[in-house]
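K.L.:
The structure's right below; bear with me while I get my questions together.
Derivation of every value follows stated rules applied to the coordinates shown; laboratory data play no part. Note that the structure is a prediction, hence the values are computed from the model and not measured. Cβ: placed from backbone, ideal geometry, glycine included. Neighbour counts: every protein chain shown.
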There are 2 protein chains.
Amino acid sequence: MPDLWPEDFARLPDAESLLQLTSHAATAYAAPSETNVVPAPGSQVLMTLIAGLVSPGRAVILGPTYAEHARVAALAGHEVTTLSELAPLGEADLAIVVNPNNPDGRVFGKSELLRVAEQQRARGGLLVVDEAFMDAGPRGESLSLHVEEVKTVVLRSFGKFFGLAGLRLSFALAATALAARLRAKLGPWPISGPALTIGKAALWDWDWIENTRLSLGKAARRLHLLLQDAGLESVGYTELFHLVRSPDAPRIFEKLGRSGILVRRFDEQPEWLRFGLPGKEEEWQRLEAALRA
Amino acid sequence: MPDLWPEDFARLPDAESLLQLTSHAATAYAAPSETNVVPAPGSQVLMTLIAGLVSPGRAVILGPTYAEHARVAALAGHEVTTLSELAPLGEADLAIVVNPNNPDGRVFGKSELLRVAEQQRARGGLLVVDEAFMDAGPRGESLSLHVEEVKTVVLRSFGKFFGLAGLRLSFALAATALAARLRAKLGPWPISGPALTIGKAALWDWDWIENTRLSLGKAARRLHLLLQDAGLESVGYTELFHLVRSPDAPRIFEKLGRSGILVRRFDEQPEWLRFGLPGKEEEWQRLEAALRA
């Protein structure tokens with residue numbers, strides 16, 4: 001991580017640095033140009049602003065998925081439906097796909113998604129693809145390169161990939177005119193000085209990015225084996241989490257909780273548990289010990 | 001400033017810390033309760049979200065003032081007018097007052113503002129009072145204590161007062177139901193880990209707050225004398241900036257620029273210059289030398 005200076009906290013982030021960040025992000029995320037990139041203090045507020053770009057209508061979400069998308073779409077006045085197949089999303093005013101999906105790791109192919117966007121274009125709809133877990137995964141399926149030609153907004157999460165969620169840094173990638181509208185809503189100083197300094201350095205450091213991909217891949221395999229050894233059936237995964245199924249899930253959830261390990265459970269799928277990647281070696285060992293207990 | 005830890009950057013800000021922050025902010029800003037407090041990554045995005053709470057109508061801004069208010073209100077679809085007197089704002093759907101005003105330091109009395117809010121209530125309008133420069137100034141005129149009883153949203157800027165603008169931390173104070181709507185739009189992790197850790201500590205540290213008020217007051221007097229010695233006529237000021245008038249303003253602007261000192265000029269008032277507070281002693285001396293040159 002680059003050093004932070006008092007100025008990062010004291011001064012308003014300057015326009016030139018912001019432009020550098022967007023340019024580095026355009027390259028790192030393979031967006032057509034920096035005019036397609038909107039930096040923001042996390043994806044949440046972007047979701048609110050994007051849902052507000054579409055007049056209240058029919059929002060269709062590919063799910064089950066990250067619940068915040070449905071909450072935010074409803075808040076913007078849309079009538080929200082969740083479907084498990086992609087094709088009907090072409091008829092939505094606002095279509096939302098998380099790719100790879102959270103929590104089951106399902107990956108949607110670029111050509112399928114482009115077909116949805118194409119159908120929506122005819123109706124004036126908007127496709128949002130939340131690629132929060134794309135950086136460590138199948139980057140070839142990203143729509144980032146196509147945001148200028150099809151009506152889609154891609155969300156990328158800096159914090160998840162770099163293990164810096166507390167920094168609050170995400171990006172929307174969109175056609176130049178749409179990106180300008182989002183940028184105008186966020187105003188001239190959308191992100192913090194620390195987020196600007198760290199983001200600018202990290203997104204320009206190809207070794208850092210590739211090493212992060214490698215270490216996340218290694219950690220994901222370690223988690224996979226650890227859960228397999230514990231006899232848990234894999235439902236799906238990305239490099240950042242693993243979803244398992246077990247009739248014992250409620251008991252395992254409690255057992256882990258007593259060891260201070262929080263895993264994600266799901267009200268509507270009580271046999272599911274989603275494990276995030278442990279960080280430090282001691283956290284790995286704590287998880288291993290707790291699963292064996 | 002409190003120490004920051006890797007966890008402040010790595011982890012998503014937790015709900016408990018966020019609650020502590022809002023509780024400390026409620027006390028520091030004299031809001032009725034923490035349910036009236038909405039932390040946000042800067043005032044800009046709050047302005048966008050607040051302007052969007054009111055159906056497109058007539059926005060009236062007390063001005064001339066900080067230009068972002070007019071830009072953001074127009075962006076939200078309002079028809080924007082700027083007036084120099086307060087009374088007619090009672091008939092606006094969205095009324096916006098910066099108090100103390102930027103750039104002229106004009107202060108509006110609490111009772112006048114409550115009268116505007118009262119008039120607006122009858123018509124279903126909303127009053128926004130941007131108190132970005134209130135903390136160092138006439139806090140008795142703040143509407144913060146009244147947000148539950150009158151339909152108003154008060155904006156407070158953490159960064160300006162504490163000299164930490166790069167942190168991106170501001171607050172909206174509003175009636176509980178309105179605050180909940182804003183909070184829902186910002187989502188569960190509205191601010192960064194560093195902003196949370198520093199904000200929580202600073203807003204609970206009464207010595208820090210009072211010392212900051214004292215040192216800003218001292219610095220403001222020093223700036224006042226320095227500008228007076230330079231023969232510049234005072235138009236108005238707060239503890240954080242000073243507005244002067246001079247027929248020589250364009251020449252002074254250029255002269256200061258050559259010394260690396262940026263002051264604010266105004267297209268519609270070419271005789272005005274707004275000076276911010278210098279920071280380090282060397283910046284004071286640079287300003288003094290440049291004004292004498």
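K.L.:
Just to be sure I understand: with springs between alpha-carbon atoms less than 10 Å apart, which residue in B:GLY163, B:GLY63, B:GLY42 has the highest mean-square fluctuation in the Gaussian network model of chain B?
P.N.:
Highest fluctuation among the options: B:GLY163.
K.L.:
With an 8 Å cut-off on Cα pairs and a minimum separation of 6 or more residues, tell me the relative contact order of the stretch B:136-293 in percent.
P.N.:
On the way: 167 pairs, mean separation 24.3, N = 158.
The value is 15 percent.
K.L.:
Tell me, what ³J(HN,Hα) does each residue in the stretch A:82-92 have, in order and in whole Hz, if you take phi through Karplus 6.51 cos²θ - 1.76 cosθ + 1.60 with θ = phi - 60° and put x for Gly and Pro?
P.N.:
After applying 6.51 cos²θ - 1.76 cosθ + 1.60, I find 10, 10, 9, 10, 6, 3, x, 5, x, 9, 7 Hz.
K.L.:
What are the residues whose amide H is under 5 Å from the amide H of B:HIS78, where those residues sit 5 or more places off or on another chain and H is modelled from the backbone?
P.N.:
Here B:GLY57 satisfy the definition.
K.L.:
Suppose we consider the axis relating copy B to copy A; can you name the residue of B with the nearest Cβ and state that distance in angstrom as an integer?
P.N.:
Looking at chain B's Cβ atoms against the axis toward A, the nearest is B:PRO41, 2.
K.L.:
Something else about it: Running a GNM on chain B with Cα contacts under 10 Å, which residue among B:GLU85, B:GLU233, B:GLU281 ends up with the highest mean-square fluctuation?
P.N.:
So, out of B:GLU85, B:GLU233, B:GLU281, the one fluctuating most is B:GLU281.
K.L.:
Considering amide H positions built from the backbone, and no H for Pro or chain starts, which residues 5 or more places from A:VAL128, or on another chain, come under 5 Å of its amide H?
P.N.:
Answer set, sorted by chain and number: A:ALA95, A:ILE96, A:VAL97, A:VAL153.
K.L.:
Indicate, rounded to the nearest 5 percent, the antiparallel portion of the DSSP beta bridges found entirely in the protein assembly as shown.
P.N.:
On the way: 38 of 72 bridges.
Here the share of antiparallel DSSP bridges comes out near 55 percent.
K.L.:
Return the loop-located chymotrypsin sites (Phe, Trp or Tyr not before Pro) in the stretch B:181-267 (DSSP other than H, G, I, E, B) with at most 15 other Cβ atoms within 10 Å of their own Cβ; answer none if there are none. Intermediate results must be reported in sequence, preceding the final value.
P.N.:
Numbers: sites: B:TRP204, B:TRP206, B:TRP208, B:TYR237, B:PHE241, B:PHE253, B:PHE266; in loops: B:TRP204, B:PHE266.
Sparse-neighbourhood loop chymotrypsin sites (Phe, Trp or Tyr not before Pro): B:PHE266.
K.L.:
Listing B:LYS218, B:LYS200 from the residue with the fewest other Cβ atoms within 10 Å to the one with the most, what is the order?
P.N.:
On the way: B:LYS218 11, B:LYS200 21.
With the sparsest Cβ surroundings first, the list reads B:LYS218, B:LYS200.
K.L.:
Something else: Got a sec? How would A:SER23, B:SER111, B:SER43 order by Cβ neighbour count within 10 Å, fewest to most?
P.N.:
On the way: A:SER23 17, B:SER111 8, B:SER43 29.
So the ranking, lowest neighbour count to highest, is B:SER111, A:SER23, B:SER43.
K.L.:
Report, for chain B, the % of DSSP beta bridges that are antiparallel, rounded to 5. Write out the running numbers ahead of the final one.
P.N.:
Numbers: 19 of 36 bridges.
Here the antiparallel bridges make up roughly 55 percent for chain B.
K.L.:
How far is B:SER111 from itself in the other copies, in nm, if each label sits 7 Å out from Cα along the Cα-Cβ line, shortest first?
P.N.:
Those separations, rounded to one decimal, come out as 7.6 nm.
K.L.:
Quick one: Karplus J couplings for the stretch A:214-227, per residue in order, coefficients 6.51, -1.76, 1.60, θ = phi - 60°, nearest Hz, x for Gly and Pro?
P.N.:
Values per residue, Gly and Pro as x: 5, 5, 5, x, 5, 5, 5, 5, 4, 5, 4, 5, 4, 6 Hz.
K.L.:
Per-residue mean of other chain beta-carbon atoms within 10 angstrom of the beta-carbon, peptide B:32-41?
P.N.:
Values: counts 0, 0, 0, 0, 0, 0, 0, 0, 2, 11.
That average works out to 1.
K.L.:
Okay, moving on. Over all directions, the average projected area of the alpha-carbon convex hull for the stretch A:9-152 comes to how many nm²? Spell out each step's value before the answer.
P.N.:
On the way: hull surface 36.4 nm².
Result: 9.1 nm².
K.L.:
Per-residue Cβ counts within 10 Å, from other chains only, averaged over A:45-51: what number is that?
P.N.:
Rounded to a whole number, the mean comes out at 4.
K.L.:
Report the net charge of residues surrounding B:ALA25, where surrounding means a beta-carbon distance below 12 angstrom and charges are Lys +1, Arg +1, Asp -1, Glu -1. Mind dumping the intermediate values first?
P.N.:
On the way: positive: B:ARG156, B:LYS200; negative: B:GLU34, B:ASP135.
Result for the local shell: 0.
K.L.:
Here's something else I'd like to know. Under 19 Å between alpha carbons, and skipping anything fewer than 8 positions from A:LYS151 in its own chain: which aspartates and glutamates qualify?
P.N.:
A:LYS151 reaches A:GLU34, A:GLU91, A:ASP93, A:GLU112, A:GLU118, A:ASP130, A:GLU131, A:GLU141.
K.L.:
How high is the relative contact order of chain B, given as a whole-number percent (alpha carbon pairs under 8 Å, six or more residues apart)? Please report the intermediate quantities before stating the final value.
P.N.:
Numbers: 536 pairs, mean separation 56.2, N = 293.
Here the relative contact order equals 19 percent.
K.L.:
Sort largest first and round to whole Å: the equivalent ellipsoid semi-axes of the protein assembly as shown, each the square root of five times a Cα gyration tensor eigenvalue. Walk me through the intermediate numbers first.
P.N.:
Working: eigenvalues 387, 142, 116 Å².
In descending order, the three semi-axes are 44, 27, 24 Å.
K.L.:
While we're here: Short version: ³J(HN,Hα) in whole Hz for each residue of the stretch B:59-68, in order, from phi by Karplus 6.51 cos²θ - 1.76 cosθ + 1.60 (θ = phi - 60°), x for Gly and Pro, what are they?
P.N.:
9, 10, 10, 6, x, x, 8, 3, 5, 4
K.L.:
Neighbouring Cβ atoms within 10 Å as the yardstick, rank B:ASP248, B:ASP3, B:ASP135 fewest first.
P.N.:
Values: B:ASP248 12, B:ASP3 8, B:ASP135 22.
Exposure proxy ranking, most exposed first: B:ASP3, B:ASP248, B:ASP135.
K.L.:
Here's another thing I want to ask about it. Please compute the net charge surrounding A:LEU155, taking Lys and Arg as +1 and Asp and Glu as -1 over other residues with Cβ under 9 Å from its Cβ. Intermediate values should be presented prior to the final figure.
P.N.:
On the way: positive: A:ARG156; negative: A:ASP130, A:GLU131.
Spelling it out: positives minus negatives among the neighbours equals -1.
K.L.:
Then there is this: Using the 7 Å Cα-to-Cβ label point, sort the distances from B:ASP267 to its equivalents in the other copies shortest first and give them in nm to one decimal.
P.N.:
Counterpart label points of B:ASP267 in the remaining copies fall at 5.1 nm.
K.L.:
Sticking with this structure for a sec: Could you work out the mean projected area of the convex hull around the alpha carbons of the stretch A:28-94, in square nanometres to one decimal?
P.N.:
On the way: hull surface 22.0 nm².
Result: a mean projected hull area of 5.5 nm².
K.L.:
Could you give, in nm with one decimal, how far A:ARG245 is from each other copy of that position, shortest first, with labels 7 Å out from Cα toward Cβ?
P.N.:
Ordered by distance, the counterparts are at 7.7 nm.
K.L.:
Of all the C-alpha pairs in the stretch A:190-293, what % are more than 23 Å from each other? If you can, show how the numbers build up before the last one.
P.N.:
Working: 1996 of 5356 pairs.
Taking all Cα-Cα pairs of the stretch A:190-293, the fraction more than 23 Å apart is 37 percent.
K.L.:
Can I ask one more? Which of these, B:ALA249, B:ALA73, B:ALA31, has the largest mean-square fluctuation under a Gaussian network model of chain B (Cα springs below 10 Å)?
P.N.:
Comparing B:ALA249, B:ALA73, B:ALA31 in the GNM, the peak value goes to B:ALA249.
K.L.:
Hey, what did the stretch B:90-171 get for relative contact order, percent, Cα under 8 Å, at least 6 apart? Please list the in-between numbers first.
P.N.:
Working: 137 pairs, mean separation 23.9, N = 82.
It rounds to 29 percent for the stretch B:90-171.
K.L.:
Ignoring solvent entirely, what values of log10 I(q)/I(0) come out of the Debye formula for the stretch B:107-178 at 0.19, 0.27 Å⁻¹ when each Cα is a single scatterer?
P.N.:
-0.75, -1.22
K.L.:
Over 25 Å between C-alpha atoms is what I'm after, so list which of B:LYS255/B:LYS280; B:LYS218/B:LYS280; B:LYS110/B:LYS160; A:LYS160/B:LYS185; A:LYS160/A:LYS200; A:LYS110/B:LYS185 land there.
P.N.:
The answer is A:LYS110/B:LYS185.
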